[in-house]
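Here the structure comes first, spelled out in structure tokens, and everything after it is commentary.
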There are 2 protein chains.
Amino acid sequence: MTCSSGNELPAINRARLMADLETLATFTEPGTPGTTRRFPSAAYMSGRAWLRERMEAAGLRTSIDAGGNLFAMLPGEHELPPLVAGSHTDSVMGGGRYDGALGVLGALEVARCLAGSGIRLHHPLLVADFLAEEANDFGVSCVGSRSLAYGLAPEWLDRSIAGQTLGQALAAMGGNPAGVTAPLLAPGAFAACLELHIEQGPVLEAAGATLGAVSGIVGIRRGTFILSGRPDHAGTAPMALRHDALTAAAELILAVERCARAEPGAVGTVGRLALRPNQSNVVPGEVTLTAEIRHLEPAAIALVWNYVLEAAEAACAERGVTLQLDAHTDAEPAAPPAWLLELVYSVCHGLDPRALVLPSGAGHDTGHLAHLAPAAMIFVPSMGGRSHCPEEYTAPEHLCTGVEALMRAIIAVDRRLA
Amino acid sequence: MTCSSGNELPAINRARLMADLETLATFTEPGTPGTTRRFPSAAYMSGRAWLRERMEAAGLRTSIDAGGNLFAMLPGEHELPPLVAGSHTDSVMGGGRYDGALGVLGALEVARCLAGSGIRLHHPLLVADFLAEEANDFGVSCVGSRSLAYGLAPEWLDRSIAGQTLGQALAAMGGNPAGVTAPLLAPGAFAACLELHIEQGPVLEAAGATLGAVSGIVGIRRGTFILSGRPDHAGTAPMALRHDALTAAAELILAVERCARAEPGAVGTVGRLALRPNQSNVVPGEVTLTAEIRHLEPAAIALVWNYVLEAAEAACAERGVTLQLDAHTDAEPAAPPAWLLELVYSVCHGLDPRALVLPSGAGHDTGHLAHLAPAAMIFVPSMGGRSHCPEEYTAPEHLCTGVEALMRAIIAVDRRLA
């Protein structure tokens, strides 16, 4: 029941790891599909209370900071900034059991293995469960890791769902809203950060690889476009006299696809669209849609974005439709320093010669932690690339190999920075 | 206060016509914008009761048939099938004051003018208010004219809204549901049918014309398409591995536009569209949309439709998206015989040398009446092409010219068929 590390390293206890993952999955909001532990639900709180007990039972000292982040400390040999390994235990509505949970329970398993072995790290090791990573109705994802790196804007804390503000929800999870309006930590407070996570995409599986070293977390530019034409009778308005907002939108949608395909490493998506009046016999008068472009390089994002804007403007001008960019947000890409990526890839390659270096198209806590310390991620395959759904699955041996890689990376980083 | 006809014909009483139109517009469902007289609302019933009084006050004998159609008879000199002139007095939610109403009150004005003049028609003249022309929640438009020409399917009569069946609604409007399961009339029962209507489109206004002779009512092919791809994470799914239902749908939307533009006389519209899951960070997994093509010639409709199908199938195949045509309905086009179109155009041209011959892209009662008798329509301009909205407007002088043309056409048809 152990994955042998093949050298003097302690062995990951696969049965213990799997049992922890199964148990955490039992904490789920009643009446929802798959695994649902949304911030700030009772299921999420109960799961964390169980996790904290598991941490204490492993002999680790636990704490919750003002940002609601739950930490468990394995002391190191020296007075050094800690290494951090963790992820999150909240989930989307109807999600799977490994997204986030693997990174937290895998880090706990590493700490248990190290504690029970003869190996002593130079740095303290903090096992971390960062608060509320997933998108929520407050409109603030990565609540805990943002608090650490940047603090939270006071107006965010005042946003409310069903009468409860984000600040109140943070307090209910053990945080302190008054303490997070400024960054909780300064760069250098952590020695390095490592996050093990499921890929949530199809790349590793397609390549037959069990491990991936993440070259970076993509930046995202996302905008809401409003295309305003004129609603006309679908029978009486001749083609030449129409101002059809939907045909103009179709050109925008295809421009996003065409240019994202043409730019290596880019993805582009129109995922959300609504039209008015949305009647089969009326020419669409207005379309609202959200388009996003992701890439590791901000310059590549700008290139694709400008191409899409140009194509959309031309399509609208041809049809007498006005184009308005209503909102427009940028998330900066984040990448590990070269030495850390090389170290992580070397560890992965040592366990699986088919290991890949690949970008993360999804956002993660590590994207924020990268402002505090060298930060890297390890991916394990997601079956069929599925994620954020009950069908999300990673084979137990891949989960275990991922935890093995995390342990080796922690030890290697500890030695490198000592 | 009269529009002179410039010869021995009686003069249309513009003040009386406008007063009738204004009064009918006061019958509207409380709390709705513009004019709202939906079948079978109290406002629609009250408006019809007022109309029947106006008909009786003009010395016309009134009746309601099993299809709920309200008729007023001006006797002719001979025992001949009647000429019919009319339209409808129901409206859409938030419609204008002239759609339908002009054709009914205009025909009443013609009957009043003829009754008060020395002119006696060979044929009886039936002023008609056909029941429930507009689309309604029962899913059966043109209830009255369909009853006359085809009868109503028993399953339609059983459809219900808020506990009331279509049959019950028909009975409440003075009809007899048991009597309409077979056609009320056989071809030849009417000598001819004429309908004056607002254009509901921009063509006459754009040409500076005050009258149009309608070359035919277009046929419509309408289908609901379901495009099924796969919902994937918008960040983690590489472009090459996606099955994006919305980009495939965008190609279908543009194919409809492109081919309808290329085929003279065609219009094509995607007016209704929904996508799932409709989240900005998820590749669209499913799109449902309704596409329709209209043209006077069934062969042209089939040509455009098949082109769109081919383009959509190619777009879906390229993306691994499946295309399903869920529902598919055809409305046959209807056109007046050549002699009648020539007659109507000649009348229009006599009143306005800029008069046009143009198709009707919208459906009308005349489309069904054409199965019973030679049937034609006269259009007057709609400002800005607007219709089915409170802003619908036609200038009083254009309304009056339209009624003048209707009178002349009735007299000319009466002489021609005597």
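The values are calculated or read from the model by the stated rules, or taken from the named source; none is laboratory data. Everything numeric in this text was worked out from a predicted model, so none of it was measured. A quick note on method: Cβ atoms are made from the backbone with ideal geometry, for glycine too, and the neighbour counts reach across all protein chains shown. Surface areas here come from the heavy atoms of the whole protein model, side chains and all, with no ligands, DNA or RNA. Shrake-Rupley method; radii C 1.70, N 1.55, O 1.52, S 1.80 Å.
Any chance you could count how many residues in the stretch A:389-418 are among the charged types (D, E, K, R) and at pLDDT below 95?
So the count comes out to 2.
If you check A:Gly384 against the conditions, is it open to solvent by 10 Å² or more (accessible area, probe 1.4 Å) and in contact with a Pro (Cβ under 8 Å, 6 or more places away or on another chain)?
yes
Going through the stretch A:166-187 one residue at a time, which ones are out of contact with any Phe, Trp or Tyr (no Cβ under 6 Å at 6 or more places or on another chain) and among the hydrophobic types (A, V, I, L, M, F, W, C)?
First, pick out the residues of the stretch A:166-187 that are out of contact with any Phe, Trp or Tyr (no Cβ under 6 Å at 6 or more places or on another chain): A:167-182, A:184-187.
Passing the criteria: A:Ala169, A:Leu170, A:Ala171, A:Ala172, A:Met173, A:Ala178, A:Val180, A:Ala182, A:Leu184, A:Leu185, A:Ala186.
Evaluate the following for A:Val357: is it surrounded by fewer than 17 Cβ atoms within 10 Å (Cβ to Cβ) and modelled with pLDDT of 95 or more?
Against the criterion (surrounded by fewer than 17 Cβ atoms within 10 Å (Cβ to Cβ) and modelled with pLDDT of 95 or more), A:Val357 qualifies.
Assess whether A:Ala213 counts as being open to solvent by 10 Å² or more (accessible area, probe 1.4 Å), at pLDDT 95 or above and not hydroxyl-bearing (Ser, Thr, Tyr).
So A:Ala213 does not fit the description; no.
Mind telling me which of the residues A:Arg294, A:Arg242 ends up being open to solvent by 10 Å² or more (accessible area, probe 1.4 Å) and either in contact with a helix residue (DSSP H, G or I) (Cβ under 6 Å, 6 or more places away or on another chain) or facing chain B (nearest Cβ under 9 Å) (or both)?
Sole residue among the options that is open to solvent by 10 Å² or more (accessible area, probe 1.4 Å) and either in contact with a helix residue (DSSP H, G or I) (Cβ under 6 Å, 6 or more places away or on another chain) or facing chain B (nearest Cβ under 9 Å) (or both): A:Arg242.
Taking A:Val203, is it within 14 Å of another protein chain (Cβ to nearest Cβ) and buried (at least 19 other Cβ atoms within 10 Å of the Cβ)?
Considered against the rule, which asks whether it is within 14 Å of another protein chain (Cβ to nearest Cβ) and buried (at least 19 other Cβ atoms within 10 Å of the Cβ), A:Val203 comes out as yes.
Taking B:Gly320 as meeting all but one of (1) in contact with an Asp or Glu (Cβ under 6 Å, 6 or more places away or on another chain); (2) open to solvent by 20 Å² or more (accessible area, probe 1.4 Å), write down the number of the exception.
Every condition holds for B:Gly320 apart from (1).
Could you please let me know if B:Gly208 is crowded, with 23+ Cβ neighbours inside 10 Å and in the same structural domain as B:Val347 (by TED's automatic domain parsing)?
Details: crowded, with 23+ Cβ neighbours inside 10 Å: no; in the same structural domain as B:Val347 (by TED's automatic domain parsing): yes.
Criteria not met by B:Gly208.
Tell me, which residue of the stretch A:391-400 that is more than 13 Å from chain B (Cβ to nearest Cβ) and in a loop (DSSP other than H, G, I, E, B) is surrounded by the most Cβ atoms within 10 Å (Cβ to Cβ)?
It comes out as A:Thr394.
Could we say that B:Thr236 is out of contact with any Leu (no Cβ under 6 Å at 6 or more places or on another chain), farther than 29 Å from B:Arg48 by Cβ and away from chain A (no Cβ under 11 Å) here?
no
Being in a helix (DSSP H, G or I), more than 12 Å from chain A (Cβ to nearest Cβ), in contact with a helix residue (DSSP H, G or I) (Cβ under 6 Å, 6 or more places away or on another chain) and on the phi < 0 side of the Ramachandran plot narrows it down to one residue among B:Val357, B:Val403; which is it?
Result of the check over B:Val357, B:Val403: B:Val403.
Which of the numbered conditions does A:Thr236 fail, given that it passes all the others? Conditions: (1) open to solvent by less than 30 Å² (accessible area, probe 1.4 Å); (2) more than 30 Å from A:Val413 (Cα to Cα); (3) in contact (Cβ under 8 Å) with a residue 12 or more places away in the chain.
Among (1) open to solvent by less than 30 Å² (accessible area, probe 1.4 Å); (2) more than 30 Å from A:Val413 (Cα to Cα); (3) in contact (Cβ under 8 Å) with a residue 12 or more places away in the chain, A:Thr236 violates only (3).
Would you confirm, using the coordinates I've provided, whether A:Leu289 is in a strand (DSSP E or B) and more than 7 Å from every other protein chain (Cβ to nearest Cβ)?
Criteria met by A:Leu289.
So that you can scan it fast, the table gives a plain yes or no per residue for (1) touching a residue at least 60 places away in the same chain (Cβ under 8 Å); (2) among the hydrophobic types (A, V, I, L, M, F, W, C):
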residue: A:Glu310; (1), (2): no, no
residue: A:Ala317; (1), (2): no, yes
residue: A:Ala331; (1), (2): yes, yes
residue: A:Ala338; (1), (2): no, yes
residue: A:Leu358; (1), (2): yes, yes
residue: A:His368; (1), (2): yes, no
residue: A:Thr394; (1), (2): yes, no
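Out of the residues in the stretch A:245-269 that are more than 8 Å from chain B (Cβ to nearest Cβ) and outside any helix (DSSP H, G or I), state the one that is nearest to the chain's Cα centre (by Cα).
So the residue we want is A:Gly265.
Of everything in the stretch A:270-281 that's in contact (Cβ under 8 Å) with a residue 12 or more places away in the chain and facing another protein chain (nearest Cβ under 7 Å), which residue is surrounded by the most Cβ atoms within 10 Å (Cβ to Cβ)?
Filtering the stretch A:270-281 for residues that are in contact (Cβ under 8 Å) with a residue 12 or more places away in the chain and facing another protein chain (nearest Cβ under 7 Å), the one surrounded by the most Cβ atoms within 10 Å (Cβ to Cβ) comes out as A:Val270.
All but one of (1) at the interface with another protein chain (Cβ under 7 Å from one of its Cβ atoms); (2) assigned to a loop (DSSP other than H, G, I, E, B); (3) surrounded by fewer than 24 Cβ atoms within 10 Å (Cβ to Cβ); (4) touching a helix residue (DSSP H, G or I) at 6+ places or on another chain (Cβ under 9 Å) hold for A:Pro284, so report the exception by its number.
(3)
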